[in-house]
1. If you count only protein heavy atoms with a 1.4 Å probe, what accessible area per residue comes out for the chain, rounded to a whole Å²?
2. Once you have the Cα-Cα distance between Met46 and Asn106, take 0.36 nm times their residue separation minus that, and quote the gain in nm to one decimal.
3. Counting only other residues whose beta carbon sits under 12 Å from that of Gly102, what net charge do I get with K and R as +1, D and E as -1?
4. Round to the nearest 0.05 the FRET efficiency obtained for Lys181 and Gln39 when R0 = 41 Å and r is the Cβ-Cβ distance.
5. Taking the Cα centroid of the stretch 110-160 and of the stretch 204-280, what is the distance between the two, rounded to the nearest whole Å?
6. Find the relative contact order for the stretch 2-149 and round it to a whole percent, using C-alpha pairs within less than 8 Å whose residues are 6+ positions apart.
7. If you wrap a convex hull around the C-alpha atoms of the chain and split its volume per residue, what is the figure in Å³?
8. For Asp20 and Asp251, calculate 0.36 nm times their separation in residues minus their Cα-Cα distance, and state this gained length in nm to one decimal.
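The values are calculated or read from the model by the stated rules, or taken from the named source; none is laboratory data. Bear in mind the structure is a predicted one, so any value in this text is a computation, not a measurement. Heads up, the Cβs are rebuilt from the backbone with ideal geometry, glycines too, and the neighbour counts pull from every protein chain shown. The protein model used for the area step is the full one, side chains on, heavy atoms only, and it has no ligands, DNA or RNA in it. Shrake-Rupley method; radii C 1.70, N 1.55, O 1.52, S 1.80 Å.
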Amino acid sequence: MDDIFSAIQRSAIRIKEAIDTKDIGYSQQENSSGETQLQLDIKCDMIIEEEFSQVPSINTIASEEKEHSVALRESGKYFIAYDPLDGSSLIDVNLSVGSIFGIYENSFNSKNMVAACYVVYGPRVEMVFAHNKVKMHLLQGGDFEFVKEIRLGEKGKLNAPGGTQQNWAPFHKELVDSFFKEGYRLRYSGGMVPDLHQILLKGGGIFSYPATSDAPQGKLRKLFEVFPFAFIFQKAGGDAIDGCGDLLALDCCDVHERAVCFFGSNYEIARVKEVYAKQR
Ligand code: AHG
């Protein structure tokens, strides 16, 4: 696992340089989710593929920017799914973005997930790696240095509701409003990585991306976004569900499959379960 950790660190340093210096125009290509790719998305994808290609323990990679997974080495035991630059549409307004990695043993099955990681490119570059514990590192003078372990409290104060309100189900709107009525504050940048990082570092809260009338499976992708953050929240002492059950119990039949998702501390997730159970 150490060699993967180092490859992610090298990728993050190169991606940060690319964000700071590269042209951010659109390419002529679309990714598998039908989004026009930024040249920067493609560049970041190439950086990670180059770094992972040098790691003997990696068998196969899957990227949000590639239609199919890529086999690297039969002898490797790890399968890594990554989103090279999540929230890249926020780059041109200079908001924080991130890279997300899910690390699996032997196949891309949520039950085989052994570690997850994300990097936030904000005013600072921070990397959070979850294996047995959830540990945060800060990029300083060209190296990542350990800062602290991340643990969620039982209850937080932040509410990050994803999706377009007019496309939410009425019961979901009531749920979101109930948190605000209880004093929760809105914190939503539109970048999953910084939004979830904020909840993790401020001790708790709730991030939701529900089914919407235009996207019944939600927007966020299981392998690249949902499973890695579910792993991180559970290891940090919080929880992650699809409304009813554990996100990490879900199957994934296609690399680009999506899931409705909720990440948070235990109090908020228990409330989501209660409200969603009544809809079944
Ligand atoms: P993109 O990579 O296309 O910019 O999408 C970002 C994702 C995720 O990071 C974020 O949580 C979500 O889209 C926000 O979507 P809404 O604007 O629909 O809430």
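1. On the way: 12230 Å² over 280 residues.
On a per-residue basis, 44 Å².
2. Extra length available between Met46 and Asn106 comes to 19.3 nm.
3. Surrounding charge for Gly102 is -2.
4. Values: r = 44 Å, r/R0 = 1.08.
The calculated FRET efficiency here is 0.40.
5. 19 Å
6. Details: 280 pairs, mean separation 20.4, N = 148.
Contact order relative to length: 14 percent.
7. Values: hull volume 34.2 nm³, N = 280.
Taking only Cα atoms, the chain has a hull volume of 122 Å³ per residue.
8. The Asp20-Asp251 span can extend by a further 79.4 nm.
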